[in-house]
1. Which one is most open to solvent (accessible area, probe 1.4 Å), of the residues in the range 366-376 that are under 21 Å from E270 (Cβ atoms) and without any contact (Cβ under 8 Å) to a residue 40 or more places away in the chain?
2. Considering the range 345-359 alone, what residues qualify as being out of contact with any Lys or Arg (no Cβ under 7 Å at 6 or more places or on another chain) and open to solvent by 40 Å² or more (accessible area, probe 1.4 Å)?
3. Regarding the range 281-290, can at least one residue be identified that is over 20 Å from E393 (Cα atoms), touching a His at 6+ places or on another chain (Cβ under 9 Å) and crowded, with 16+ Cβ neighbours inside 10 Å?
4. Tell me which of these G332 doesn't satisfy, since it passes every other one: (1) over 26 Å from P376 (Cα atoms); (2) without any contact (Cβ under 8 Å) to a residue 24 or more places away in the chain; (3) open to solvent by less than 30 Å² (accessible area, probe 1.4 Å).
5. Does P379 fit the bill of being surrounded by 14 or more Cβ atoms within 10 Å (Cβ to Cβ), in the same structural domain as Q405 (by the TED database) and either farther than 30 Å from D403 by Cα or in contact (Cβ under 8 Å) with a residue 12 or more places away in the chain (or both)?
6. Just checking, which of G415, G451 is assigned by the TED database to the domain that holds Y222 and at pLDDT below 95?
7. Would you mind listing the helices (runs of 4 or more DSSP H) fully within the range 140-192 where at least 1 residues are of a type in the set (K, R), out of contact with any Leu (no Cβ under 6 Å at 6 or more places or on another chain) and closer than 28 Å to C236 by Cα?
8. Is it true that E409 is assigned to a helix (DSSP H, G or I) and either of a type outside the set (F, W, Y) or open to solvent by 30 Å² or more (accessible area, probe 1.4 Å) (or both)?
Amino acid sequence: MLLQSMQSRGMPEMYAYCLQQRLNSVTCIWMRKTNKGRGCYLKQKFLTKCLLYYFKNKRKEMCECDLLYNLPINDHANTVSYFRHKYNFVNHAIVSVLFLHFLKNICQFQIYVISLAEPRLPLQLDDAIRPEVDGEEEGRATVNQDTRLDNRVIDLRTCTSQAVFRLQSGICQLFRETLIQKGFVEIQTPKIISAASEGGANVFTVSYFKSNAYLAQSPQLYKQMCICADFDKVFCIGPVFRAEDSNTHRHLTEFVGLDIEMAFNYHYHEVVDEIADTMVQIFKGLQERFQTEIQTVSKQFPCEPFKFLEPTLRLEFPEALAMLREAGVEMGDEDDLSTPSEKLLGRLVKEKYDTDFYILDKYPLAVRPFYTMPDPKNPKTSNSYDMFMRGEEILSGAQRVHDPQLLTERAMHHGIDLEKIKAYIDSFRFGAPPHAGGGIGLERVTMLYLGLSNVRQTSMFPRDPKRLTP
């Protein structure tokens with residue numbers, strides 16, 4: 001219909017075809033003056049762009065429109081103004097109106113200036129979306145991470161950044177959808193608390209009127225209290241704070257936590273299986289709904305497709321220890337995994353089982369928080385587990401201690417002031433079901449699913465020991 005309509009108005013068939021195929025959903029308009037005449041930019045979603053030019057200096061009967069694809073239209077250094085149309089146009093209507101306006105100047109069409117862009121930008125979007133390998137080979141500029149983060153608003157305009165954060169939004173959506181279908185209730189927990197929720201010194205202290213308070217390292221204590229209050233299955237999505245002076249590719253001082261807690265009937269593996277299935281449903285949903293975003297990111301940051309098994313592979317800590325020792329790693333039976341050991345284990349698992357996602361169960365009790373349930377068959381082992389993507393941890397979880405006497409003993413063992421967690425311990429004195437759960441880092445999941453190299457690429461406005469702005 002669009003093609004016939006445009007041809008009936010005397011429009012060239014070639015241009016009508018291009019517009020029909022490439023501009024199904026126009027969302028933004030840019031206009032600028034050049035030495036050749038006036039141009040109008042059209043933006044389709046966040047990927048395909050084109051430029052319509054109207055040459056005023058040609059004779060009327062020779063007026064024509066050039067249609068150019070894949071131009072750096074987000075290069076606001078040459079853009080005079082940013083426009084948005086006064087009316088809400090649907091599908092192709094705005095295309096035909098613009099085409100007629102610039103080609104024949106016969107239609108009444110008004111455009112209003114919203115905001116003027118400065119003539120000089122701190123970075124060019126062409127440089128920001130160029131793969132580093134191509135830049136090195138061709139001797140062309142690329143944009144480093146600090147420049148991107150210092151000018152985050154501009155960096156977020158790139159098609160790669162748009163794809164990353166649209167996919168990240170999809171992870172939250174799939175997480176919420178899946179758990180609600182499983183009968184979970186979403187809760188909100190306080191982020192200003194009276195005691196360090198994980199114990200230890202990695203906590204931010206804040207002034208709270210005449211005393212001190214802390215930023216929550218985890219919603220763990222409150223998730224458990226909700227289980228004691230007969231909610232049975234709960235989850236929450238919210239900020240988590242860690243005062244760790246770690247300037248690594250995967251650590252942030254503030255990140256988004258996707259947290260789950262659930263009562264079980266017979267064994268904590270009921271919860272482990274539920275969490276693993278939730279992750280699998282997220283992976284499936286990303287493959288089905290976000291192929292465009294995945295392919296967009298892979299053009300700039302090539303990576304092998306993410307692989308997972310169904311049901312999810314589960315290894316016990318002694319099995320992982322044996323694999324690492326066989327590969328030449330020296331570790332004690334009660335040592336925690338270091339980052340290099342995690343990555344090596346991920347490669348070994350991938351070679352043996354062909355999966356990027358797996359569960360590691362039965363961690364040593366000595367390396368887990370005070371509320372972790374000891375293994376009743378082995379006092380040096382705990383009913384705890386981590387989940388990994390591409391050899392890096394994305395979830396840490398465990399069966400929780402629900403007996404107040406044992407919980408008190410474990411807290412004292414970790415040197416925690418009992419008075420500060422009295423309300424938490426007391427919540428178990430009136431009956432509590434056995435339960436377990438875990439906390440997932442949203443930014444890490446996004447980074448590892450897409451095969452990116454730094455978690456700051458998947459944090460919209462990252463916070464680390466050296467960055468508090470923008």
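The values are calculated or read from the model by the stated rules, or taken from the named source; none is laboratory data. Fair warning: this is a prediction, and the values are worked out from it, not measured in the lab. Every residue, glycine as well, gets a Cβ built from its backbone with ideal geometry; the counts of neighbours run over all protein chains shown. Side chains included, ligands, DNA and RNA excluded: accessible areas come from the protein's heavy atoms. Shrake-Rupley method; radii C 1.70, N 1.55, O 1.52, S 1.80 Å.
1. P376
2. R347, K350, E351, K352, Y353
3. No, the range 281-290 has no match at all.
4. Unmet for G332, out of (1) over 26 Å from P376 (Cα atoms); (2) without any contact (Cβ under 8 Å) to a residue 24 or more places away in the chain; (3) open to solvent by less than 30 Å² (accessible area, probe 1.4 Å): (1).
5. no
6. From the options G415, G451, the qualifying one is G415.
7. Those helices (runs of 4 or more DSSP H) span 152-155, 159-181.
8. Yes, satisfied.
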